[in-house]
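S.K.: Structure in structure tokens, see below.
Read-outs: derived from the displayed coordinates by stated rules, not from any lab. Since this is a predicted model, take the numbers as computed values, not measurements. So basically every Cβ, Gly included, is an ideal-geometry build from the backbone, and we count neighbours across all protein chains shown.
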Amino acid sequence: MPQYAELGLPLLHAGKVRELYELDERRALMVATDNISAYDVVLSPRILGKGIVLTQLSIWWFEQLSGIVGNHMLSTQVPALVAGRALEVERLDMVPIEAVVRGYLTGSGWAEYQQTRSVTGITLPEGLHDGSRLPEPVFTPARKAVAGAHDENITYREMVEMVGDRLAESIRDLSLALYHRAEQIARERGIILADTKFEFGVRPTDGTVILGDEVLTPDSSRFWDIADWEQGRLHSYDKQYLRDWLVNDSGWDRSSDAPPPPLPAEIVEVTRARYAEAFRTLTGTDLEGKIGS
């Protein structure tokens, strides 16, 4: 059952975090819930107010990046039930690719590098470590999985085979341009944008490539404190704290079919606070009155 079924709108799609409702043939209502997921599993309990952070930060980034590519946001005027956490958006033909850009080596990229000295077929220099800044940001796409499965890292050539040369090149070039601009903006505010993922759609009427979904949030990006990074520490403003607990301390076996245990209150609160801190540090404004309410 969708969390916001009482909106009374036809449900187009319910993902791990977002619900998409039909407004008409060209418009949809995109609602960010307070769900949090890790390793493609939705965890409990929810992080109260998280959906507001995702939506409001996406709005801010859409404005910062509007000179590079158009986005799907049409209006922030939404029903009162989902005020602050929803957007009226343009309906697009979404491209089944996670457009990942990495400026630093960590996460699945670090795991792959340790085995092959490369990430998605891109050879990297010897001697890198977890948290290393790459010589240049790299575009490392992933194939979006069906519900319940894991996204799969693929090479750029495999992406071309999926979507064609022209669309693949456009998405790669736009992703790198967006990352370069966002990395600069974040750095000016004391935050490192280690990596991020974008999603793009194609406008059915004219084939224009448009930025969709959320953008540059703690759900879709790794944000680090620049002062800590310079001292060799990776203090995250995202859900890495939660991931670390899940892998190292929860006792959960990721390879099993067993669901993960409930998140302890401390993990919930620290995660909530770090999402709010990311928003405050990047935008210079405070959502604390809305987060957790």
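S.K.: In whole angstrom, note down how far apart the Cα centers of the range 1-74 and the range 211-225 are.
M.R.: Cα centres, the range 1-74 to the range 211-225: 13 Å.
S.K.: Can I ask one more? Would you kindly derive the ³J(HN,Hα) couplings of the range 68-78 from the backbone phi angles with the Karplus curve 6.51 cos²θ - 1.76 cosθ + 1.60 (θ = phi - 60°), listing them in order in whole Hz, with x for Gly and Pro?
M.R.: 9, 7, x, 10, 8, 6, 9, 7, 9, 7, 9
S.K.: I would also like to ask the following. What list do you get for M73, M30, M162, M1 if you sort them by fewest beta carbons within 10 Å?
M.R.: Fewest-to-most ranking of M73, M30, M162, M1: M1, M162, M73, M30.
S.K.: First check a/c for the chain, with a ≥ b ≥ c the square roots of the eigenvalues of its C-alpha gyration tensor; if it is under 1.5, answer rounded, and if not, answer prolate when a/b is larger than b/c or oblate otherwise.
M.R.: The shape class here is rounded.
S.K.: While we're here: Stretch V247-L11 to full length: gain in nm at 0.36 nm per residue minus the Cα-Cα span?
M.R.: Answer, rounded to one decimal: 81.6 nm.
S.K.: Separate question: Summing -39500 (n - 2.57) over the DSSP H runs of n ≥ 4 in the chain and dividing by its residue number, what mean residue ellipticity at 222 nm do you reach, to the nearest 500 deg cm²/dmol?
M.R.: Result for the chain, helices only: -9500 deg cm²/dmol.
S.K.: Would you mind computing, in nm to one decimal, how far apart the modelled labels at E269 and M94 are, each placed 7 Å from Cα along Cα→Cβ?
M.R.: 3.5
S.K.: Using the number of other C-beta atoms within 10 angstrom as an exposure proxy, rank D34, D213 with the fewest first.
M.R.: D34, D213
S.K.: Which of T33, P45, V69 sits closest to the plus end of the dipole of the range 1-91, meaning its Cα is farthest towards the positive end, when Lys and Arg get +1 and Asp and Glu get -1 on the C-beta?
M.R.: The Cα lying farthest towards the positive end belongs to P45.
S.K.: Going by amide H atoms built from the backbone, whose H comes under 5 Å of the H on D238, apart from near neighbours?
M.R.: F223
S.K.: Another question, if that's okay. Given the C-alpha centroids of the range 124-193 and the range 235-250, what is the distance between them in whole angstrom?
M.R.: With the range 124-193 and the range 235-250 each reduced to a Cα centre, they are spaced 22 Å.
S.K.: With Rg and the Kirkwood Rh both taken from Cα atoms, where does Rg over Rh land for the range 101-206?
M.R.: With Rh from the inverse mean 1/r over Cα pairs, Rg/Rh is 0.98.
S.K.: Now for a different question. Which number do you get for Rg(Cα) / (2.2 N^0.38 Å) in the range 153-257?
M.R.: 1.34
S.K.: May I pose another question? Which shape class applies to the range 226-293: rounded if a/c is under 1.5, otherwise prolate when a/b exceeds b/c and oblate if not, where a ≥ b ≥ c are the square roots of the Cα gyration tensor eigenvalues?
M.R.: Oblate.
S.K.: For the peptides 277-284, 98-105, 2-9, what is the packing order when you average, over each peptide's residues, the other Cβ atoms within 10 Å and list the highest mean first?
M.R.: 98-105, 277-284, 2-9
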